[in-house]
Structures are given as structure tokens and as C-alpha cells.
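Structure first, then comments.
The values are calculated or read from the model by the stated rules, or taken from the named source; none is laboratory data. Since the structure is predicted, the reported quantities are computational estimates derived from the model, not experimental observations. As a convention, Cβ positions derive from the backbone with ideal geometry for all residues, glycine included, and neighbour counts pool all protein chains shown. Areas reflect the complete protein model, heavy atoms only, side chains present, ligands, DNA and RNA absent. Shrake-Rupley method; radii C 1.70, N 1.55, O 1.52, S 1.80 Å.
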Amino acid sequence: MSSAQDPPPEQGPADIDRVMAELGEIGSALAELTRSVGQGNERAAHREAIIDRLHEDNQLLRRGELQAMYEPVRAALYRLHDMTRRESERWAAPRPPDPVHIAPLLAAVADEIAEILARSGVERFTVEPGVLYDAARHRPVATERVDRPELDGTVVSARTDGFARCERVVRRAEVVVARFKPDDRENISPEPEPE
């Protein structure tokens, strides 16, 4: 009867050589795996360094493009600044210009600002009285009663211009819209005359 605690049979020199050879193969495989993992880590670190450098180059390029894009706008703002400064000095002088010149001056400032916006890709559009109200291009700020039904829903006047970028309205023009409301007295039926 053999016991579960019997010692393992003794191994011979051939078995030990085989185990040692297998251990050597395992050691070689582990060394190769370690070398491969190390090379993979080096390649990953190199890729990360390239990605970081490309990101930095991209950010530098973007900042440069933004600066170049704003340059025409800055040049126009410099002109507007100088014009406004000159006019303020003229109006602060002991003998200022005739007040009749204020309206053309302010119109010139508005035109210069519209020019600056155009250089950034935003074009001004005006709204003429009588055109049909368009919710995509107009923002109603008031209504005005009209006595002709064909004028209902048309623009009476524009309070501001609108602005668009490539056919897309970025700011609607503020307008007064016509509303036809028949006179209440016209809707009252006449009282019958007494018999």
C-alpha cells in the first residue's frame, strides 16, 4: 500500500538537463519579450514627442494666422481712432464747427465701422421701407398702425442695419412693422332708425 506522502521518484541526469534546457528557453523568451517591450516603449515615447511637437507647431501657426487675419481690422481701427480723435479736438476747440456737421460726421464713423466689419467677413445690409417683413433678416422693435390693408406686414422704417456673413444673417436689422387694424367704428353696425 503506497502513501499519498510518498517522495517523488528521483530524477536522472537526463531529466535535469531537459528541465535546464527548458528553463534556458524560457529565460531567452523572457529576455526577448523584455527587449521587445522596451523597444515598444521607446517608439511610443518617440511618437508622443512628435505629437507634442506637432501640436506646438500647430498652435504657433494658428496664432500667426489669427494675427494675420486681424491685421486689416486693426489697420482700419487705427484710422477710425485717428479720425475720431481729430474730430473730438475740432469740436473741443474754442470755435467748434457748425452743429449741422454732426450728422454727416456720425454717418462717416458708422460707414468706417461697417468697412471694418466687412474686412472681417461681415457685410452690412440695409432695409428699405415697404419691403415685406422677413423674420430671418428683421427683428421687429415696434409696430405702426396703417390704414391700408396691402401695407400690413411690411417694413415702415429701419432703426438699424443688419449684418450677414456669407448669406447667413449674424445680426438682424431692427425694424418697425406695419399693422393694418380697421377702425373700430367701421366694424360697428349702424343702429336701426326708430319707426
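With R₀ fixed at 45 Å, the C-beta to C-beta distance from residue 164 to residue 50 puts the FRET efficiency at about 0.60. Taking GluC sites (Glu not before Pro) across segment 126-179, the ones in a DSSP loop with at most 11 further Cβ atoms lying within 10 angstrom of their Cβ are 167. In terms of its C-alpha gyration tensor, segment 80-131 comes out oblate, because a/c is 1.5 or above while a/b does not outweigh b/c.
Can you tell me the FRET efficiency between residue 16 and residue 37 if r is taken as the Cβ-Cβ distance and R0 is 35 Å, rounded to the nearest 0.05?
Numbers: r = 31 Å, r/R0 = 0.89.
For R0 = 35 Å, the calculated efficiency reads 0.65.
Length, then width, then depth: along the principal axes, the Cα atoms of segment 58-164 run 58, 54, 16 Å. Averaged per residue, the chain has 81 square angstrom of accessible surface, using a 1.4 angstrom probe with ligands and nucleic acids left out. Please identify which residues in segment 132-161 have an amide N closer than 16 Å to a label point set 7 Å out from the Cα of residue 180, following the Cα→Cβ vector. Of the residues in segment 132-161, 132-133, 144-156 have backbone N under 16 Å from the label point off residue 180. The long axis of helix 102-119 is offset from the longest Cα principal axis of the chain by roughly 30 degrees.
Could you look at the chain and say what percent of its accessible area is carbon and sulfur, using a 1.4 Å probe and all protein chains?
Details: 8820 of 15700 Å².
Roughly 56 percent, rounded to a whole number.
Dividing the convex hull volume of the alpha carbon atoms of the chain by its residue count gives 489 Å³ per residue.
How high is the FRET efficiency between residue 135 and residue 106 when r is their beta carbon distance and R₀ equals 30 Å, given to the nearest 0.05? E(calc), rounded to 0.05, equals 0.50.
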